[in-house]
Structures are given as structure tokens and as C-alpha cells.
1. Considering only region A:13-29, how many residues are assigned to a loop (DSSP other than H, G, I, E, B), touching a Ser or Thr at 6+ places or on another chain (Cβ under 8 Å) and facing another protein chain (nearest Cβ under 10 Å)?
2. So, restricting to strands (runs of 3 or more DSSP E) that lie completely within region A:221-324, which ones have at least 2 residues that are at pLDDT below 95 and hydrophobic (A, V, I, L, M, F, W, C)?
3. Could you list all residues from region B:51-75 that are assigned to a helix (DSSP H, G or I) and facing chain A (nearest Cβ under 10 Å)?
4. Could you tell me which of the residues A:Leu64, A:Leu95, A:Leu85 is closer than 22 Å to B:Leu123 by Cβ and among the hydrophobic types (A, V, I, L, M, F, W, C)?
5. Quickly run through region B:115-135 and pick out the residues that are under 20 Å from B:Phe51 (Cα atoms) and either at the interface with chain A (Cβ under 7 Å from one of its Cβ atoms) or without any contact (Cβ under 8 Å) to a residue 24 or more places away in the chain (or both).
6. Residues that are at pLDDT 95 or above: list the helices (runs of 4 or more DSSP H) wholly contained in region A:145-197 that include at least 1 such residues.
7. Which condition from (1) away from chain A (no Cβ under 11 Å); (2) in a loop (DSSP other than H, G, I, E, B); (3) surrounded by fewer than 24 Cβ atoms within 10 Å (Cβ to Cβ); (4) touching a residue at least 24 places away in the same chain (Cβ under 8 Å) is the one that B:Leu103 breaks?
8. Assess whether A:Ala80 counts as being of a type in the set (Gly, Ala, Ser), over 25 Å from A:Leu166 (Cβ atoms) and touching a residue at least 12 places away in the same chain (Cβ under 8 Å).
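The values are calculated or read from the model by the stated rules, or taken from the named source; none is laboratory data. Because the structure is a prediction, the values reported are computed rather than measured. Here Cβ is always computed from backbone atoms with ideal geometry, including for glycine, and neighbour counts include all displayed protein chains.
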2 protein chains.
Amino acid sequence: MGEFDLIARYFTRPVRKAALGVGDDCALLAPAPGMQLAVSSDMLVEGRHFFADVDPEALGHKALAVNLSDLAACGARPLAFTLALSLPRVDEAWLAGFARGLLALADAHGCELVGGDTTQGPLNICITVLGEVPPGQALLRSGAQPGDDIYVSGTLGDARLALEALLGHTPLPADTLARVRQRLERPTPRVALGQALRGVASSAMDLSDGLLGDLSHILKASGVGARIDTHITSNLIAESAYPSSATALFDAELIRQCTLAGGDDYELAFTAPPARRDAVAAVSQASGTSVTRIGTVLAEPGLQLVDAQGQAVEHRYASFDHFR
Amino acid sequence: MGEFDLIARYFTRPVRKAALGVGDDCALLAPAPGMQLAVSSDMLVEGRHFFADVDPEALGHKALAVNLSDLAACGARPLAFTLALSLPRVDEAWLAGFARGLLALADAHGCELVGGDTTQGPLNICITVLGEVPPGQALLRSGAQPGDDIYVSGTLGDARLALEALLGHTPLPADTLARVRQRLERPTPRVALGQALRGVASSAMDLSDGLLGDLSHILKASGVGARIDTHITSNLIAESAYPSSATALFDAELIRQCTLAGGDDYELAFTAPPARRDAVAAVSQASGTSVTRIGTVLAEPGLQLVDAQGQAVEHRYASFDHFR
């Protein structure tokens with residue numbers, strides 16, 4: 001199968017919203033008048049972002065999910081995406097699975113595949129996603145104010161726990177591994193929550209490199225500091241909801257590592273004034289996404305971790321950095 | 001140097017047209033009301049699209065040029081682009097050169113770098129470019145009509161000739177190699193020509209995989225055939241303008257291979273009715289880009305090659321395909 005057959009078979013579908021889809025030099029979109037366009041690109045590399053033997057359907061899902069998560073963090077509505085794919089060879093079963101996972105998530109969010117590129121080379125997936133947001137309403141990293149509450153959506157640390165188990169660093173019961181592996185391989189972009197947070201959150205971003213490292217971007221952009229309650233964040237690892245697996249997670253330090261600096265969560269971290277707690281609760285309910293208050297924005301720069309007794313928790317958790 | 005320092009040092013500049021540039025979860029653009037958005041992605045892989053030891057400044061230029069060429073082929077005006085970069089390691093001299101070449105071409109076309117991604121992995125460059133075009137005016141592949149003239153811009157085959165020489169297949173004098181190598185490593189996207197052809201050309205595309213293969217996409221999309229005058233296309237190799245190098249290019253078959261199926265030309269191929277020849281000439285002059293009439297669109301499907309005497313030329317030139 002050649003390059004054009006491959007594109008035609010797996011990645012070309014009838015155009016829906018776009019003015020022109022796959023198959024010409026460019027795709028053409030007709031943005032809604034007056035809306036701003038949100039744009040983000042993410043590149044996933046074999047051996048770095050995923051294992052070579054990962055289920056291709058899960059990989060297709062994740063490749064788009066991490067991009068939709070960036071739109072969610074801005075409060076943007078997904079519109080369309082391009083896919084550039086470097087493949088070592090044409091493996092039809094792999095391509096069929098990858099396309100299935102990718103397009104199922106795309107359909108769930110009304111986000112249309114409009115173009116891209118395919119080439120031969122080491123496996124690499126680059127997606128650029130486009131969304132729309134009303135002018136001035138995008139959620140930015142720079143709006144956190146002293147006194148604001150700090151929240152995260154969903155759960156924290158599951159993906160990292162799965163990674164530790166898959167790398168052989170931490171034994172996990174099979175049922176526990178199956179659950180956290182889903183969170184590693186099929187993250188849920190919080191698209192509805194992000195849009196609902198427009199006008200409520202003072203700042204937001206998505207968590208890809210670990211809570212503390214990512215939060216530091218909000219703090220830096222906003223010129224503020226924060227205090228985080230680690231007894232709350234430690235309870236956000238999804239496995240804490242399963243008492244049967246408590247023995248596997250007995251190590252409090254491992255839980256802190258996973259929840260505070262785990263990476264690959266693809267949850268939203270955001271801030272909002274205490275006066276908006278009811279609004280945050282309403283947004284959480286309306287979007288069907290749990291959110292948890294984990295701390296407070298401080299005027300003084302720096303990140304403080306405290307335990308249930310308000311005592312300082314020592315930490316040296318590093319954010320994930322591809323070049324460190 | 002870490003990932004964020006790298007982005008800050010080489011790829012972050014003050015925002016100009018964008019509402020929000022590098023550094024948040026998404027970039028924000030404010031498209032001009034009523035304009036359509038043209039989107040294209042291209043991925044360049046080391047060893048496939050460029051040699052490992054290529055000048056990084058030239059590579060930065062080329063990575064954006066091939067994307068701008070797609071906008072040109074649609075008649076779109078460049079607006080912004082994202083850059084996703086997978087690097088084996090942080091090489092500051094390489095990054096400085098790459099960024100210099102990339103941003104110089106971006107500035108020349110008013111196309112702003114608004115976001116992207118960096119990761120560690122085999123060298124891979126993925127750019128997504130965004131442009132704007134008035135609704136209904138984009139140049140498509142599907143508009144060629146029987147009787148239309150067929151044109152190409154600039155020169156053909158130089159990049160392939162350089163590649164043949166660099167691979168050791170064809171000896172070339174040093175001055176000739178220097179000239180054609182420029183065309184391989186620093187192609188010129190025909191952005192002004194593309195925009196000027198709106199309302200004049202009936203179809204257009206850019207030449208990346210070789211004239212005949214690329215032209216077949218126009219023919220297929222338009223449901224037509226074509227006759228191409230090979231004595232004209234053979235003269236479009238830039239080296240034909242240098243009599244001193246004629247001996248190096250004595251092989252007419254090599255010239256035909258390079259000009260008809262060379263690849264990496266990044267010229268525009270387009271069609272226009274014979275009644276618009278004056279308009280095409282005016283567009284060529286206004287955009288400072290030579291264009292040459294090389295054939296005619298036929299009602300009957302298929303691609304005929306003829307020589308100066310109108311005799312059929314045998315050909316089996318294959319278009320470049322990454323998976324064949």
C-alpha cells in the first residue's frame with residue numbers, strides 16, 4: 001500500500017464542518033465570525049511517550065486526547081485537527097487500530113481530521129488541534145490571584161503508578177494495574193469542564209508533566225505562590241477508592257511522588273476566587289467531572305506543601321523535562 | 001539546558017499579530033472576520049527528507065518553506081505556524097542555526113511562530129501552518145478544464161540534480177553543484193504568486209513529489225487528462241541557463257528524470273484558460289516569479305508526453321512515494 005492509498009483508506013472521511021478536508025494542499029475551515037482560534041501541537045515519540053507494543057487503538061486515542069486537553073485548558077471548543085505520522089512501515093492492522101481510537105475520540109468531541117502528512121521514519125505522531133473561544137474568555141495561566149482556591153479535576157497519579165508497575169519498579173495486583181493502565185493509555189481530556197470554567201476560573205492549565213511542575217507555570221505566569229494540601233492530593237490517586245488494593249499502595253512516599261509529580265494526568269488544574277465556590281461546584285456537576293480543592297494561592301512566591309496538621313512537607317519532586 | 005529554557009531562548013519572541021503566542025496551553029489567533037482558514041502540516045524526518053549533516057539554518061528555512069508552499073498552492077496568505085521538534089539532544093549551535101533560518105523565512109512572509117512542542121527523540125520536524133483566503137477563492141486541485149493551459153513557476157529538477165550529485169550518482173562541477181544545492185536546501189515558496197493567481201488559475205498545487213506525479217493529482221481531482229511538452233520542461237532545469245555546465249548535463253534522460261519526476265521543487269503547477277494568458281503574464285510580473293506554459297489540459301484522461309516534433313515520449317517516471 002502506498003502513501004496515498006494509506007491516507008485514503010484510514011484517514012479520509014466525508015467532510016462535515018470543514019469547507020475542505022483531506023486531499024488538497026491545505027484544508028479550509030470557516031471559523032465562526034468573531035471567535036478567536038486556539039491552536040496547539042503535541043508530538044508523541046515511540047519509547048519516550050509510549051511503549052513500542054502499546055495497543056494502537058489506545059495510542060490513537062491518547063495522541064488526540066493530549067491535544068484536546070490543551071484546548072480544554074484554554075476553555076476552547078474543539079473544531080479540527082491535522083495528523084502528521086512517521087511510520088517505520090505500513091502495518092495495516094496497526095493503522096486500522098490507530099485510526100479507530102483516534103477517530104472515535106475525534107467524533108466524541110466533534111473534532112474533524114482535516115489534513116496532515118505521512119512519511120516513513122521512526123514512529124512519531126504529531127497532532128495540531130484547532131478550537132474556538134470567544135474573545136477575551138480563554139483561560140490563561142496568568143490570572144491567578146492571591147487568596148484564590150486551587151483545584152484539580154478527576155484523579156492524580158494513576159498514570160505514573162501504571163508506568164512504575166509496567167517498568168517493573170512497583171508490583172501491583174492485576175486488577176489495580178488494569179485500572180491505572182487505562183488512565184495511562186486512555187486519558188480523558190476535560191473538554192466540557194474547560195469550556196464550563198470560562199468566566200469562573202481565574203487561571204487554568206492541563207497537567208501533563210506532574211502537578212507541582214505544571215502548577216509552577218501558573219504561579220510564575222501569575223506572579224504568585226501557593227500552598228498545597230498533600231493529604232488531599234494523596235487521596236486523589238484513583239486507587240485510594242479501592243480498599244482492596246491498599247496494601248499495594250502502602251508507601252505514602254510513592255503516592256506523593258505519583259500524585260504530585262507523576263505526569264501524564266491530563267487533568268485540569270485551575271484557580272478561582274473563594275466567592276465562586278458555588279459556581280465551581282455547579283460547573284463540576286454540569287460537566288460531569290469531579291473537581292477537588294487542593295490549596296490556596298499566596299501572594300508570596302514559592303510552593304509550600306503541607307500535611308493534614310498544617311506541617312510543612314519536605315519535597316524535591318522534579319517536573320518531567322524531556323532534556324533533563 | 002532544559003525544555004523550557006530551550007523554547008524560551010530559541011523560539012519565543014514578542015507576540016505581533018497573534019492574540020497570544022508561545023507559552024500557554026494554546027496560542028490564540030484572531031482571524032479576520034469572514035476569511036477562510038487554510039491549514040497544512042508537513043513532517044520532515046532525518047535521513048528521509050534531509051541529510052543528517054545538512055546546514056541547520058538551511059533546514060530551518062526548508063522546514064517552513066515546504067509548508068508555506070502548501071499555502072501558496074491554495075492562494076492563501078500566511079498567518080502563523082506551530083513547530084513540533086523531536087531532537088536527539090540539545091545542541092545549542094544547531095538550534096541557533098535552525099531557529100535563524102526558520103524565523104528569517106517566517107519574518108519574510110509575516111508568518112508568526114505561535115506555539116508547538118519539543119521532545120527528545122530521533123530528529124523530526126513537524127510544522128503546521130495557518131493562512132487565510134477569501135471564501136470561495138482558494139485555488140483547488142479540482143478546477144482544471146479541458147483546453148486550459150498548464151503552467152509551472154520557476155525552474156524544475158534542480159533539487160533532484162543536486163540530490164543525485166550528493167548521493168554520488170552524477171558528477172557535477174563544483175559551481176553547478178553549489179547552485180542546484182541551493183534549490184534543494186533552500187526552496188522558495190511561491191507565496192506571492194499563489195495569492196496573485198486567485199481568480200486567474202482554474203486549479204493549482206505545489207510540486208513536492210515530482211511534476212508528473214503531482215500533476216496526476218490535479219488531473220484525477222478534475223477528471224481530465226493532459227499533454228506535456230517535454231522539450232519545454234527539459235529547458236526548465238536551471239542549469240540549462242549555464243552553458244558552461246552543459247557537458248555535465250549532456251544526458252537528456254537524466255534531465256527528463258529530474259524535471260519530470262525530480263521532486264522537492266516546491267514550485268507551483270497551475271492551469272488557466274487560454275483567454276487568461278495576459279492575466280497570467282501580469283500575475284507573473286507582479287509577483288516577480290517566472291512562469292512557463294508547459295502543456296494543455298485534455299478531456300480524455302491520461303498523461304501524454306510529447307517532444308518538440310509532437311511525437312510521443314515514452315515514460316515510466318514514478319512519483320515519489322514514502323511507502324513504495
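1. Result for region A:13-29: 3.
2. Per the criteria, A:302-306.
3. Passing the criteria: B:Val66, B:Asn67, B:Ser69, B:Asp70, B:Leu71, B:Ala72, B:Ala73, B:Cys74.
4. Every option except A:Leu85 fails the conditions.
5. Answer for region B:115-135, where residues must be under 20 Å from B:Phe51 (Cα atoms) and either at the interface with chain A (Cβ under 7 Å from one of its Cβ atoms) or without any contact (Cβ under 8 Å) to a residue 24 or more places away in the chain (or both): B:Gln120, B:Gly121, B:Pro122, B:Asn124, B:Cys126.
6. Filter on region A:145-197 gives A:191-196.
7. Unmet for B:Leu103, out of (1) away from chain A (no Cβ under 11 Å); (2) in a loop (DSSP other than H, G, I, E, B); (3) surrounded by fewer than 24 Cβ atoms within 10 Å (Cβ to Cβ); (4) touching a residue at least 24 places away in the same chain (Cβ under 8 Å): (2).
8. So A:Ala80 fits the description; yes.
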